[in-house]
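A short write-up of the structure that comes next.
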Amino acid sequence: MNLNCIDKIELGIQTVYLLKFEPFDIHDFFQYLTEQEIERVLSFKSIKRQQEFVATRKLRHDIFGFNHIHYNEVGAPYIKNEGYISISHADGIVGIAMNKKYEVSLDLETISNQSLRLRDKFLSEQEKKRLNTNCEIEMTKAWSLKEVLYKLSGAKGIIFKEQLQIQKLSEEQWLGEIFIKGKKIEVELSTFVLDNVVLSCNSGKKLFLDGGLRYNI
């Protein structure tokens with residue numbers, strides 16, 4: 001199994017690395033994992049989860065070497081002295097987005113009708129009126145973009161249909177808003193389809209909107 005075919009995408013102020021894979025023997029790639037990571041991956045009962053973990057660490061190794069992936073108190077990943085990163089995976093693909101200066105959020109979602117079934121749980125009534133709620137691709141994009149906003153919020157217990165709002169500017173360019181702690185944060189978003197997977201990421205700096213004024217955070 002070849003885990004050396006990596007795609008690199010420049011997405012606004014972020015760089016996204018993608019690695020596609022088919023089922024493989026995880027033991028063939030243990031040389032790219034630290035001892036701690038080998039111990040962790042062997043604790044997973046799901047073969048799919050094991051392969052995703054190993055593929056992600058192989059991708060990490062190709063970008064950063066053996067620098068360990070750490071997680072903060074809300075589960076967001078980071079690598080010391082390398083800036084901000086975000087990790088996501090879907091069927092047969094893993095991705096790492098990175099930015100030296102600003103927070104980054106990446107989400108990969110396989111296109112399916114699950115987003116149609118769950119639309120009432122993550123879309124507000126206004127969003128339903130603006131979007132094509134009968135289109136699998138558009139609803140998968142909407143779900144994926146809300147996942148991006150959720151990661152950027154850095155908070156748990158977020159109500160997707162109330163505190164995370166999205167507006168479609170074009171097929172690939174969207175605008176997101178996070179309502180948290182009495183503030184509104186505006187986020188530039190990008191989303192597009194890669195084979196049968198939707199890739200979504202913030203493509204600009206987060207901005208507070210306070211009293212009509214914008215300023216970078």
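Numbers at a glance
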{"quantity": "Residue in the stretch 130-145 that is of a type outside the set (Gly, Ala, Ser) and closer than 18 Å to residue 15 by Cα present", "calculated": "yes"}
{"quantity": "Residue count, the stretch 75-96 (criterion: touching a helix residue (DSSP H, G or I) at 6+ places or on another chain (Cβ under 9 Å) and either of a type in the set (A, V, I, L, M) or not in a loop (DSSP other than H, G, I, E, B) (or both))", "calculated": "11"}
{"quantity": "Selection from the stretch 75-103 of residues that are among the hydrophobic types (A, V, I, L, M, F, W, C) and touching a residue at least 60 places away in the same chain (Cβ under 8 Å)", "calculated": "76, 90, 93, 94, 96, 97, 98"}
{"quantity": "Single residue of 31, 36 found to be free of Cβ contacts under 8 Å to residues at least 12 places away in the same chain and not in a loop (DSSP other than H, G, I, E, B)", "calculated": "31"}
{"quantity": "Set 111, 93: member being of a type in the set (Val, Ile, Thr), surrounded by 18 or more Cβ atoms within 10 Å (Cβ to Cβ), assigned by TED's automatic domain parsing to the domain that holds residue 165 and out of contact with any Cys (no Cβ under 8 Å at 6 or more places or on another chain)", "calculated": "111"}
{"quantity": "Unique residue being in contact with a Pro (Cβ under 7 Å, 6 or more places away or on another chain), farther than 17 Å from residue 22 by Cα and either not assigned by TED's automatic domain parsing to the domain that holds residue 21 or not aliphatic (A, V, I, L, M) (or both) when the list is 78, 102, 84, 71", "calculated": "71"}
{"quantity": "In the stretch 130-159, residue farthest from the chain's Cα centre (by Cα) [restricted to those that are within 17 Å of residue 176 (Cβ to Cβ) and not in a helix (DSSP H, G or I)]", "calculated": "131"}
{"quantity": "Extreme residue, surrounded by the most Cβ atoms within 10 Å (Cβ to Cβ), among residues of the stretch 39-74 that are free of Cβ contacts under 8 Å to residues at least 40 places away in the same chain and of a type in the set (S, T, N, Q)", "calculated": "51"}
{"quantity": "Candidates 171, 162, 127 - the one that is more than 23 Å from residue 77 (Cα to Cα), assigned to a loop (DSSP other than H, G, I, E, B), in contact (Cβ under 8 Å) with a residue 12 or more places away in the chain and touching a Ser or Thr at 6+ places or on another chain (Cβ under 9 Å)", "calculated": "171"}
{"quantity": "Residue check, residue 112 in a loop (DSSP other than H, G, I, E, B), polar (S, T, N, Q) and closer than 24 Å to residue 20 by Cα", "calculated": "yes"}
{"quantity": "Hey, residue 127 buried (at least 21 other Cβ atoms within 10 Å of the Cβ) and farther than 15 Å from residue 152 by Cβ or not", "calculated": "no"}
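The values are calculated or read from the model by the stated rules, or taken from the named source; none is laboratory data. Being a predicted model, the structure only gives us computed values, none of them experimental. All Cβ positions, glycine included, derive from the backbone under ideal geometry; neighbour counts span all protein chains shown.
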